[in-house]
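**Student:** Here it is: the structure, laid out below.
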Amino acid sequence: MFGIERRMGTYKGYVRNFARPDGSITEAYVVDEAVTFLSRYVDDIETRFNRAERNWDVQTTKHKMELFNNKVRTLGASKFEQLGDQIDVVQWYIINNCGDELDLYLKEHKESLYSRSIGEANFDTIHKQEFPSWFKKKMSLLRVNGDSQATDDLYALSQFPDDRYTSWQSCIVHGVRFRCKERDDKFTTQCSGVCVGDEDATIIYYGVLLEVLELDFILGRKVFMFRCKWYNTDPKGKRMVVDHKLTSIDITSKWYVDEPFVLANQAQQVFYLNDLAHGKNWMVVQKVNHRNIYDILEHDEDVVLMNDIFQEEESSELPPFHPNEELPNPSTIVRKDVEPETLPYEAVVAIRTANSTVEDLEDDDDDDDDDDEGVLFLNNESILDSETDHDSDDPICSSDDDDSFA
């Protein structure tokens with residue numbers, strides 16, 4: 001629909017007295033313009049100019065660790081659930097995705113395992129099982145001793161989240177609305193598709209959102225996570241087909257059933273369309289650019305740009321320009337101290353005739369110069385036409401020779 005058509009529909013909605021539609025539109029238009037003008041000067045009342053967007057999110061807290069800085073706004077009703085046996089899975093995933101703050105402690109724990117002569121076959125499994133409890137004991141000991149390494153963020157992270165968490169069905173993350181699959185099926189729109197990984201990643205994980213988890217840590221820290229159902233997108237398998245930048249997935253497949261969690265700020269939204277080529281159990285994945293969300297290139301201070309602007313620092317050998325002050329000012333050429341003189345018509349014609357005569361003489365001189373260029377010179381003497389008088393005894397100027405030149 002064109003803009004003018006939408007505008008005409010707005011005007012039709014102004015009509016209250018169908019006997020006088022033009023008057024109704026005029027009065028409503030004046031009222032709308034007046035209210036719009038006044039609302040620009042009102043700050044303490046919500047108007048169309050200062051109200052927040054529909055999919056706005058608010059960061060209520062600010063912590064040093066980026067993990068606890070959540071730009072998530074939950075929607076709808078909530079309920080309390082328990083993690084149970086999955087608390088270890090949640091804690092291990094958070095530890096491995098909280099940034100570089102734990103690299104030093106992860107390295108220290110691995111060195112302790114090497115000192116115990118742990119084999120390579122079971123090394124990763126033992127490291128995964130023992131590190132959370134080891135990290136908890138270490139942070140508790142540093143906290144008791146008053147060590148500065150045990151910051152509030154690290155100490156809260158080491159103590160595991162509360163077993164009880166708040167479950168939500170909808171939320172807004174970074175200006176994008178997500179809905180759980182069960183709730184999303186009741187709408188005509190689709191907001192349950194998620195993916196993790198960018199285009200440069202080896203494997204991109206696709207799935208649907210099942211639950212939004214709000215985890216509570218000590219010292220008022222919170223972490224939001226998604227429980228998802230992941231589809232099998234292994235490039236070595238046959239459950240995903242990539243053809244001309246179109247990715248088709250078999251939605252009956254499952255992957256990482258025991259590890260369904262992902263941080264809320266890691267998830268990206270995707271949409272699934274029916275794949276008519278592969279069958280009813282296949283879906284085509286479609287990524288979109290959301291409104292008012294831009295991927296701005298960040299400037300890296302460590303990178304030195306090589307395409308600097310070329311500028312020659314040395315000056316040229318030309319002498320500097322100095323204006324000639326002896327030249328008359330162009331404005332003084334015009335005489336303003338005398339009255340203008342009007343010439344008769346005969347004088348103007350005479351001037352034009354004289355000018356044209358001078359131009360004709362100059363053109364004749366140019367033609368003479370062109371004719372001289374066509375004269376043939378031999379032994380520093382010009383050979384002219386036979387009509388020119390010459391000595392008959394000169395063989396060069398004989399009639400036969402003239403014919404030969406002709």
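**Student:** If I go through the range 121-143 residue by residue, how many of them are modelled with pLDDT of 90 or more, exposed (fewer than 13 other Cβ atoms within 10 Å of the Cβ) and either over 16 Å from TRP92 (Cα atoms) or hydroxyl-bearing (Ser, Thr, Tyr) (or both)?
**Tutor:** The qualifying residues number 1.
**Student:** Look at ASN70 and say whether it is closer than 30 Å to PHE178 by Cα and free of Cβ contacts under 8 Å to residues at least 24 places away in the same chain.
**Tutor:** Considered against the rule, which asks whether it is closer than 30 Å to PHE178 by Cα and free of Cβ contacts under 8 Å to residues at least 24 places away in the same chain, ASN70 comes out as no.
**Student:** Continuing with this model, one more query. Return the residue satisfying two criteria in turn: it lies in the range 195-219 and is within 27 Å of the chain's Cα centre (by Cα) and part of a loop (DSSP other than H, G, I, E, B), and of such residues it is modelled with the highest pLDDT.
**Tutor:** Once the filter is applied, the top-ranked residue is ILE204.
**Student:** Determine which single condition SER248 fails, assuming it passes every other condition in (1) at pLDDT below 90; (2) in contact with an Asp or Glu (Cβ under 7 Å, 6 or more places away or on another chain).
**Tutor:** Here SER248 meets the rest and fails (1).
**Student:** Do you know which residues across the range 225-273 are of a type in the set (Ser, Thr, Tyr) and over 23 Å from ILE95 (Cβ atoms)?
**Tutor:** TYR231, THR233, THR247, SER248, THR252, SER253, TYR272, listed by residue number.
**Student:** Does any residue of the range 97-119 turn out to be at pLDDT below 90 and among the aromatic types (Phe, Trp, Tyr)?
**Tutor:** Yes, the range 97-119 has at least one match.
**Student:** Also, I was wondering about something else. Can you give me the number of residues within the range 54-91 that are among the charged types (D, E, K, R) and exposed (fewer than 10 other Cβ atoms within 10 Å of the Cβ)?
**Tutor:** Residues flagged as among the charged types (D, E, K, R) and exposed (fewer than 10 other Cβ atoms within 10 Å of the Cβ) within the range 54-91 amount to 4.
**Student:** Could you list, in sequence order, the residues of the range 90-116 that are assigned to a helix (DSSP H, G or I), out of contact with any His (no Cβ under 9 Å at 6 or more places or on another chain) and in contact (Cβ under 8 Å) with a residue 24 or more places away in the chain?
**Tutor:** If the condition is that a residue be assigned to a helix (DSSP H, G or I), out of contact with any His (no Cβ under 9 Å at 6 or more places or on another chain) and in contact (Cβ under 8 Å) with a residue 24 or more places away in the chain, then VAL90, GLN91, TRP92, TYR93, ILE94, ILE95, TYR105 are the ones that fit.
**Student:** Quick one: GLY197 ticks every box in (1) touching a residue at least 24 places away in the same chain (Cβ under 8 Å); (2) in contact with a strand residue (DSSP E or B) (Cβ under 8 Å, 6 or more places away or on another chain); (3) surrounded by fewer than 18 Cβ atoms within 10 Å (Cβ to Cβ) bar one, so which box is it?
**Tutor:** (1)
Residues are listed down the side, and each one gets a yes or a no for (1) closer than 10 Å to GLU211 by Cα; (2) surrounded by fewer than 16 Cβ atoms within 10 Å (Cβ to Cβ); (3) modelled with pLDDT under 95; (4) polar (S, T, N, Q):
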residue	(1), (2), (3), (4)
SER148	no, yes, yes, yes
LEU154	no, no, yes, no
LEU157	no, no, yes, no
ILE172	no, no, yes, no
PHE187	no, yes, yes, no
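**Student:** I'm told ASP162 meets every condition in (1) part of a helix (DSSP H, G or I); (2) at pLDDT 90 or above; (3) more than 30 Å from THR252 (Cβ to Cβ); (4) of a type outside the set (A, V, I, L, M, F, W, C) except one. Can you identify the failing condition by its number?
**Tutor:** All conditions are met except number (1).
**Student:** Anything in the range 33-47 that is touching a helix residue (DSSP H, G or I) at 6+ places or on another chain (Cβ under 9 Å) and either surrounded by 11 or more Cβ atoms within 10 Å (Cβ to Cβ) or within 30 Å of CYS180 (Cα to Cα) (or both)? List them, or say none.
**Tutor:** THR47
**Student:** In this structure, does GLY9 turn out to be more than 30 Å from CYS180 (Cα to Cα), outside any strand (DSSP E or B) and among the small types (Gly, Ala, Ser)?
**Tutor:** In short, yes.
**Student:** Can you tell me which residues in the range 55-91 are within 21 Å of CYS191 (Cβ to Cβ) and charged (D, E, K, R)?
**Tutor:** ASP57, LYS71, ARG73, LYS79
**Student:** Looking at the structure I just gave you, is ARG183 part of a helix (DSSP H, G or I) and either in contact (Cβ under 8 Å) with a residue 40 or more places away in the chain or not hydroxyl-bearing (Ser, Thr, Tyr) (or both)?
**Tutor:** Against the criterion (part of a helix (DSSP H, G or I) and either in contact (Cβ under 8 Å) with a residue 40 or more places away in the chain or not hydroxyl-bearing (Ser, Thr, Tyr) (or both)), ARG183 qualifies.
**Student:** Considering each of GLY84, GLY9, GLY13 in turn, give the residue that is over 36 Å from the mean Cα position of the chain (by Cα) and farther than 30 Å from LYS222 by Cβ. Break it down stepwise before answering.
**Tutor:** Numbers: GLY84 fails: farther than 30 Å from LYS222 by Cβ; GLY9 fails: over 36 Å from the mean Cα position of the chain (by Cα).
Only one candidate passes the filter, namely GLY13.
**Student:** Would you mind stating whether SER78 is free of Cβ contacts under 8 Å to residues at least 60 places away in the same chain and farther than 18 Å from GLU259 by Cα?
**Tutor:** For SER78, the condition - free of Cβ contacts under 8 Å to residues at least 60 places away in the same chain and farther than 18 Å from GLU259 by Cα - is not met.
The values are calculated or read from the model by the stated rules, or taken from the named source; none is laboratory data. Fair warning: this is a prediction, and the values are worked out from it, not measured in the lab. When we count neighbours, we look across all protein chains shown, and the Cβ atoms used for this are built from the backbone with ideal geometry, even at glycine.
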